[in-house]
Amino acid sequence: MALLAVRHNVRNYDDFRTVYDSMSELQQQWGVMAESVYQLADGPNIVLVLHHFATVAQAEAFLTSRELQAAMRQAGVEGEPRVEIYGEASR
């Protein structure tokens, strides 16, 4: 398992969420197994997006896809997002 965590600053959360929700089919095509979106408690335009993948390679491929990059621009993502990819810890 892999977890992609992306922290965005967005111009307007409602606009961001409309675009995000429209991408569910694309997310599935790229291997997203589960997803969730959170807003900073005292900053509704600061958003944390979590996507679960089977592998780190899938997460990296999704992150660099043209479709995702275009959607982020359309959704009003401002500045550089903070991106982290976590792989399942070994025992």
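P(r) tail for the chain: Cα pairs beyond 22 Å make up 22% of the total.
Calculated [222 nm] ellipticity per residue, helices only, for the chain: -10000 deg cm²/dmol; basis is -39500 (n - 2.57) per DSSP H run with n ≥ 4, divided by all residues, nearest 500. Using heavy atoms of the protein chains and a probe of 1.4 Å, the accessible area assigned to LEU50 is about 30 Å². Tell me, what is the per residue accessible area of the chain in Å², probe radius 1.4 Å? Per residue, the chain has 64 Å² of solvent-accessible surface.
Checking every one of the trypsin sites (Lys or Arg not before Pro) in the stretch 10-81 against DSSP loop status and a limit of 14 other Cβ atoms within 10 Å picks out ARG11. Taking the protein heavy atoms of the chain in the context of the full set of protein chains, the accessible area attributed to carbon and sulfur is 49 percent at 1.4 Å.
Using only Cα atoms and rounding to the nearest 10 degrees, what angle (0 to 90) does helix 13-22 make with the longest principal axis of the chain? Relative to the chain, helix 13-22 is tipped by roughly 40 degrees.
Our summary of shape: the Cα atoms of the stretch 43-91 have principal axis extents of 39, 27, 15 Å, ordered from largest down, in whole angstrom.
The values are calculated or read from the model by the stated rules, or taken from the named source; none is laboratory data. On a predicted model such as this, the values are computed, not experimentally measured, just so you know. With ideal geometry, Cβ positions are generated from the backbone for all residues, glycine too; neighbour counts draw on all protein chains shown. Note: areas computed on protein heavy atoms with side chains; ligands, DNA, RNA excluded. Shrake-Rupley method; radii C 1.70, N 1.55, O 1.52, S 1.80 Å.
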